[in-house]
Every structure is written in structure tokens, then in C-alpha cells.
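Trainee: Before I ask anything, let me first share the structure, which is written out below as C-alpha cells.
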Amino acid sequence: MRRGALERELSAVAGFEEPRIEFEQYPTPADIAAHLIHLAGTHGDLANTVVDLGTGTGMLALGAALSGASKIVGIDRDERALSSARENEHCVTPPVTPAWIRGDATRLPLCLDEPVTVLMNPPFGAQQGRAHADRAFLRATSDIATVSYSIHNDGSHAFIEAFADDHGGTVTHAFAVDLDLPRQFHFHTTDKRTIDAEAYRIEW
């Protein structure tokens with residue numbers, strides 16, 4: 001599927017009905033999801049088993065399904081988010097239905113022996129007491145992934161490069177993205193805020 005067509009399909013994926021701030025539950029914008037998944041497709045990475053860590057309402061997992069991945073797993077510890085992901089299947093009608101698993105994405109409740117592509121938009125660690133929350137997601141990724149695509153806070157490049165190097169990985173792509181965050185929590189003062197973020201492809 002072409003990137004533009006994928007973005008249009010994914011725009012129908014609903015976000016969180018009751019987002020939980022302790023999990024930093026923000027939806028992945030359709031344009032960024034389409035960009036990452038299209039890149040994965042051009043590199044042949046959707047032929048692997050695709051695992052969406054912290055899948056939320058299923059944006060990345062469903063995008064992979066729409067783009068030809070034949071085996072997709074979405075993992076999240078929030079049952080309400082997974083219920084929304086199942087509902088979102090009916091919004092985009094993918095040819096392959098992802099397997100939705102309730103569990104901690106940083107302590108994976110599965111064992112995979114085949115090549116794995118991880119897609120994820122992990123928490124950035126912006127909330128007090130949760131600094132570097134994405135580190136645990138990267139550690140889990142390094143344990144199972146052949147290749148990964150992930151979104152991180154602006155200014156993460158040195159950390160991502162060092163982490164990948166320490167865990168046998170190589171950053172092959174790094175680029176800036178504009179992350180549009182809708183108004184979801186009581187401390188938000190505008191209907192939408194755009195923040196600078198970064199996306200990475202890492203071979204492990």
C-alpha cells in the first residue's frame with residue numbers, strides 16, 4: 001500500500017477513550033505511523049513477525065496488517081486500550097487480524113524464534129519519576145528484534161546510538177518527526193500541541 005493511502009486508512013483508527021497519564025498514552029499520528037510502516041515495507045521488514053510494543057489502540061499493528069505483514073502481535077498492559085484496538089479492526093478491516101496480548105511490553109510474555117520487526121512509540125519518560133522510560137522498551141526490543149522502528153523524544157540521538165552500540169545494534173536511519181498531540185489531560189491548555197520528536201530504524 002502506498003504511504004498516502006495507508007495514512008488515509010489509518011486516520012480512521014480511534015485514539016484512547018480514557019488515556020492514562022502514568023502510561024503516557026498518546027496516540028501515534030497516522031502520518032508518522034504510515035511513514036514508519038512504509039519504510040519498513042521498502043526494506044522488506046514486514047516479512048518478519050511484527051511486534052508492536054505498547055500497542056495502545058493498535059495504530060502501528062493495524063498499519064502493518066494493512067501493509068502486508070502476515071503475522072502481527074500487539075502487546076499492551078492496559079486492557080481498555082486493547083479493547084479499543086480490537087474495535088479499530090472494524091474501522092480499517094485489515095486482511096490479517098493482529099494477535100492482541102495483554103502484558104508488560106518491557107517484560108515480554110512471549111518467546112519468538114523467528115526474525116522479528118519491532119514497531120513502537122514508547123513512553124518518552126516526560127512524567128515526573130519516569131525519566132528514560134523508553135530505555136526499558138529498547139532493552140526488550142534488543143532481546144527479540146532483528147530490526148526495529150521507534151519514536152523518541154527530541155535530542156535522543158546520542159542516547160539511542162550509545163544504547164544500540166552497547167546492545168549489538170546499529171542505527172541505520174534517524175530522522176526528525178513532528179508529533180501532534182491532542183488535548184487529553186487536565187494540564188493541557190491547547191487543543192493540539194506539536195512537539196519535536198525523532199524516529200529510528202535499528203538493526204540488531
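Each value in this text was obtained by applying a stated rule to the coordinates, not by laboratory testing. Please read all numbers here as calculations on a predicted model, not as lab measurements. Positions of Cβ are generated from backbone atoms using ideal geometry, with glycine treated the same way; all protein chains shown enter the neighbour counts.
Trainee: Can you tell which of 178, 52, 165 shows the greatest fluctuation in a Gaussian network model of the chain with Cα springs below 10 Å?
Mentor: Comparing 178, 52, 165 in the GNM, the peak value goes to 165.
Trainee: Taking H as built 1.01 Å from N, whose amide H comes closer than 5 Å to the amide H of residue 74, not counting residues under 5 places away?
Mentor: 52, 99, 100, 101
Trainee: Work the Kirkwood hydrodynamic radius out for the stretch 65-168: mean of 1/r over every pair of different alpha-carbon atoms, inverted, in Å.
Mentor: Working: mean 1/r = 0.0660 Å⁻¹.
Here the Kirkwood hydrodynamic radius works out to 15.1 Å.
Trainee: So which GluC sites (Glu not before Pro) in the stretch 1-78 end up in coil per DSSP with only 12 or fewer other C-beta atoms within 10 Å? Spell out each step's value before the answer.
Mentor: Values: sites: 7, 9, 17, 22, 24; in loops: 17, 24.
Filter output for the stretch 1-78: 17.
Trainee: Continuing with this model, one more query. Counting DSSP beta bridges with both partners in the chain, what percentage is antiparallel, nearest 5? Numbers along the way, then the final one.
Mentor: Numbers: 19 of 36 bridges.
Antiparallel bridges: around 55 percent, rounded to the nearest 5.
Trainee: Of the candidates 95, 29, 109, which one comes out as most mobile in a Gaussian network treatment of the chain with C-alpha springs shorter than 10 Å?
Mentor: 109
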